[in-house]
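Nothing in this text is a laboratory measurement; each read-out follows from the coordinates by a stated rule. All figures in this text were calculated on a predicted structure; none of them were measured in a lab. Reconstructed Cβ throughout: ideal geometry from the backbone, glycine too, with neighbour counts over all protein chains shown.
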Amino acid sequence: MADDDKHPIRNLIVFPVIAGVILAALLYFIPKFFAFTVNTISTVWRYLLSKTLLPNSFLFLLVVLAVPTIVNLAKSLFRSRALQSNEPNISSYKTDNFLGTTWKWSYITDRDMPTDDLWCFCPNCANRLVYSTDIDVHMNKHTMFICENCGFKSAPLKGDRHDVFGMVARAVERKVTTGEWKSIVAKSDSN
């Protein structure tokens, strides 16, 4: 759902009222604003309809179509310069070490959080880990991650699997927010 769809009162009432107030203020404080606007529009219209070797409306159409092309060209030039710089890209930050294991995800979302495919892997053999959740005598949950390939076991972590994944997601968010991810990406790129 788009952000604009969430605020129908704002879109249907508040914005038009504000636009009307601004227009009324312009017409009141700048008495010749309306006449100037009408005169400008009529002058442009007469120019577009005047006779020349090429129709002026055709030239106007060419200018209108050229503007988005120039903007897209400029964007691509700036994008290619950004990619050529040695600055690491957030899309490269897809793995990190937390809680004694290696964690991986597809990409960082627009909320600085890893995607839902976040999972941990064995630091020894890079195998995907399975988890085991136990409840102690005080009814506290503890989760351990275990490698079925080499037998690695993580330290018991407080909470169930969702609590641990939440801790890791928040740690990733913190590293993205503080910029610590850049050193991790630079280090992995140099290896």
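A simple count of charges around residue 141, restricted to other residues whose Cβ falls under 12 Å of its Cβ and scoring Lys, Arg +1 and Asp, Glu -1, yields -2. The order of 154, 92, going from fewest to most other C-beta atoms within 10 Å of their C-beta, is 92, 154. In straight-distance terms, cross-link reach from residue 175 covers every one of the lysines whose alpha-carbon lies under 22 Å from its own, apart from those fewer than eight places away in the same chain; here that gives 94, 104, 158, 187.
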